[in-house]
Amino acid sequence: MSDAPRDPGRETRRDKPWLFRTYAGHSTAAASNALYRTNLSKGQTGLSVAFDLPTQTGYDSDHELARGEVGKVGVPICHLGDMRMLFDQIPLEQMNTSMTINATAPWLLALYVAVAEEQGADIARLQGTVQNDIIKEYLSRGTYICPPKPSLRMITDIAAWTREHLPKWNPMNVCSYHLQEAGATPEQELAFALATACAVLDDLKGKVADEDFPTMVGRISFFVNAGIRFVTELCKMRAFTELWDEICRDRYGVEDAKYRRFRYGVQVNSLGLTEQQPENNVYRILIEMLAVTLSKNARARAVQLPAWNEALGLPRPWDQQWSLRMQQVLAYETDLLEYDDLFDGNPAIERKVAALKEGTRAELALIDGMGGAVEAIEYMKGRLVESNAERIGRIEKGETVVVGVNRFTTTEPSPLTTGEGAIMVVDEAAERNQIGRLQDWRSARDDSAVRAALADLRAAAQGGANIMPASIAAAKAGATTGEWGQVVRAAFGEYRAPTGVSRNPSNRTEGLEAIREAVDAASSRLGRRLSFVVGKPGLDGHSNGAEQIAARARDCGMEIHYEGIRLTPAEIVRAAREQRAHVVGLSILSGSHMPLMEELMTRMRAERLSEVPVIVGGIIPEEDAAHLRRLGVAAVYTPKDFELNRIMMDIVGLVDARPVAAE
């Protein structure tokens, strides 16, 4: 019996699959360690660590701003003991670890290196990535600490230090993922990410020898998003690959093609996951994964997929396993990895790639004309808010179809979302336990050694020395995340990024006439313009929703007050009093809505503001929403409430329902 004839398009060998990752971490280091080891036993081939918001923003778990946030969106890491527990029985020398960390990246990398040394690892063999992209934090994610220039300095400090000590480590993952989540068009996503990479490389040039610079260019990696328009997304990845090669060659003179290679990891789009008919998200995730795997010449080096139910709450281990199995089926059961690139020479693909490149070059030229990415932060933020408003408007009008949301909404009850345990809930005792361990750590350490190490860290920060050696020494001495954060805040100052929401109405008021008339009527009745205070309490930096609510309220004729992210309940209540707010609206997406809203409502009553309606939006299960309503919250909105105009009319209705007091 003869062998089957060989397919001439088929390669002689099967390509190695990309790294399979699951973005994970919650509750405590011990719980996250157990999850990591379980995932690795299921065939996951790399780790992707999610840190909680206090860790990301340089606060200890017992800080005022950390209340309700500990262990919610990731694992809390306060000190070397936590990092030691996180990687217990996981040999770091054999791992490829991605850490999604930005403002505190020097500190988390220092803790990681210290644990690796304790394990006896040769740190020169460590492989992995710290995201370390602070510019996109100003634009979209919000976990920044310091102003742009010292933040850029710390990014390149890591790069210079890893060149010497961790040569296999990626010191920066230029992250366009959150840009798309914030509403970026493909051209904006390409341009803003590439401009960020150029800002880092321009700063890095002065920190490494000329002969080492091409190698460092080769260590810069990217972390991207892939949305549902998967042909456009595939073309975007091919455009990324070609533009990066062009920039490395023409702008930086890198001659060796291997150092110009566009190396990227991906998480597919979480923004498009729907609360309504969430089972449809399985198909969305699969389709989006195809965009970054089908084209061999632009294939991701690492893929992590969200879980189908992330719009409902924290996914369970089973949900994460479903996403991992999706990758494994594509990589091992199909013949995808047996062929060369499927799209080379395709005229439709080539036209789309050329158009994306043309639009990106024009945007890059504009940013360069402003002085580069750092100088263009306010411009880029404004563009993202405008683009996101246009995206939401298209969904509201039905121009963009979202199955189960604005079309085909008739459905059967889903057996996947019913019953106890349908989503994972972080044990509220985890925060108390974490704080207890933190206090025990402080009690047991050598305080004089910690003080000396922090003094050296302060001197390095203020004196311009590389921040990494002093950070590693502080980690080994027993310093905490909050103490490291205090030092950099004192040395470099704190920063508030632009909100992107101007006080002037946009040109998108068409179709808002009825709402504007209702706002005018309510304002006349009140004797002054309807005042709406929008707030982001806690450490949650996902500000897209708050920005869009504020912008739409502005366009509807309300007087808005929006200061941006990271406010305490006390600060929001003070703003409500000072602005004489008629309505207060809050956005909380980190799962910390219960403790934050309880405190805010208590403070509203104490300030005799009980008559001011409070509304809140977030990923809030119905059981929690019912509790919030019992606390006095006037309305609760979740991702299914995508019609902003209806929310605007609800606000007017809440104001109209109040008796008019003397103004």
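Between the amide H of Leu586 and those of Gly535, Ile615, Val616, Gly617, distances stay under 5 Å, these residues lying 5 or more places away or on another chain, with hydrogens modeled in the peptide plane.
Quick one: work out the % antiparallel among DSSP beta bridges in the chain, nearest 5.
Details: 2 of 47 bridges.
Looking only at bridges with both residues in the chain, the antiparallel portion is about 5 percent.
Mind sorting out which of [x] 1.15; [y] 0.96; [z] 1.35 is the real Cα Rg over 2.2 N^0.38 Å computed from the coordinates? Here Cα Rg over 2.2 N^0.38 Å agrees with entry [y].
Around the amide H of Leu314, modelled in the peptide plane, lie the amide H atoms of Met424, all under 5 Å away and 5 or more residues distant in sequence or on another chain.
Under 19 Å of direct C-alpha separation, and excluding same-chain neighbours fewer than eight residues apart, Lys42 reaches these aspartates and glutamates: Asp88, Asp319, Glu333. Derived scalar couplings between HN and Hα for the stretch 327-344 equal 5, 5, 4, 5, 6, 9, 8, 8, 9, 3, 7, 9, 10, 6, 4, 7, 10, 4 Hz in order, rounded to whole Hz, by the Karplus curve 6.51 cos²θ - 1.76 cosθ + 1.60 (θ = phi - 60°), x for Gly and Pro.
Computed on protein heavy atoms with a 1.4 Å probe, the accessible areas place Ile395, Ile367 in the order Ile395, Ile367, largest first. Among the protein heavy atoms, those of Lys640 account for about 90 Å² of accessible surface (1.4 Å probe, every chain in place).
Each residue of the stretch 218-227 was assigned a 3J(HN,Hα) from its phi angle through the Karplus curve 6.51 cos²θ - 1.76 cosθ + 1.60 (θ = phi - 60°); the sequence is x, 8, 6, 10, 10, 10, 10, 10, 9, x Hz, with glycine and proline shown as x.
Okay, helix-only estimate at 222 nm for the chain: each DSSP H run of n ≥ 4 adds -39500 (n - 2.57), divide by all residues, round to 500 deg cm²/dmol; what do you get?
Numbers: 23 runs with 304 residues, N = 663.
Helix-only estimate at 222 nm: -14500 deg cm²/dmol.
What you get for the stretch 557-603, charging only the Cβ of Lys and Arg (+1) and of Asp and Glu (-1), is a dipole of about 60 debye around the Cα centre. Of the peptides 31-40, 166-175, the ranking by mean beta-carbon count within 10 Å, highest at the top, reads 166-175, 31-40. Panel note: the C-alpha atoms of the stretch 441-568, placed on their principal axes, show extents of 66, 31, 21 Å (largest first). Relative contact order (percent) for the chain, with alpha-carbon contacts under 8 angstrom and 6 or more residues of separation? In percent, rounded to a whole number, it is 16.
Heavy atoms only, probe 1.4 Å: what % of the accessible area of the chain goes to carbon and sulfur, would you let me know?
Numbers: 13250 of 26400 Å².
Answer for the chain: carbon and sulfur cover 50 percent of the accessible area.
Taking all protein chains into account, the per residue accessible area for the chain stands at 40 Å² (1.4 Å probe). Placing +1 on the Cβ of every Lys and Arg and -1 on the Cβ of every Asp and Glu, with nothing else charged, gives the stretch 505-627 a dipole about its Cα centre of roughly 480 debye. Per-residue 3J(HN,Hα) values for the stretch 21-37, derived from phi via the Karplus relation 6.51 cos²θ - 1.76 cosθ + 1.60 with θ = phi - 60°, read 10, 10, 6, 8, x, 6, 6, 9, 4, 5, 5, 5, 4, 4, 5, 4, 5 Hz in sequence order (x marks Gly and Pro). Spatially, the stretch 151-201 and the stretch 390-440 are offset by 29 Å when compared through their Cα centroids.
Of the peptides 285-291, 437-443, the order by per-residue mean of other Cβ atoms within 10 Å, starting with the highest, comes out as 285-291, 437-443.
Using a Förster radius of 56 Å, what is the FRET efficiency between Glu611 and Ile90 based on their Cβ-Cβ separation? Nearest 0.05, please.
Working: r = 54 Å, r/R0 = 0.97.
Using R0 = 56 Å, I get an efficiency of 0.55.
Ordering of 502-511, 97-106 by packing is 97-106, 502-511, highest average first (other Cβ atoms within 10 Å, averaged per residue). Only the Cβ atoms of Lys and Arg (+1) and of Asp and Glu (-1) were treated as charged; on that basis the dipole of the stretch 1-153 about its Cα centre amounts to roughly 540 debye. Amide H contacts of Ala50 (H built 1.01 Å from N, in plane; Pro and chain starts excluded): Ala24, Gly25, Val75 sit under 5 Å, all sequence-distant by 5 or more or on other chains.
The values are calculated or read from the model by the stated rules, or taken from the named source; none is laboratory data. The shown structure was predicted, so the numbers you read here are calculated from the model rather than taken from an experiment. Here the Cβ is made from the backbone with ideal geometry for all residues, glycine too, and neighbour counts use every protein chain on show. Accessible surface is based on the protein model in full, side chains and every heavy atom, while ligands, DNA and RNA are left aside. Shrake-Rupley method; radii C 1.70, N 1.55, O 1.52, S 1.80 Å.
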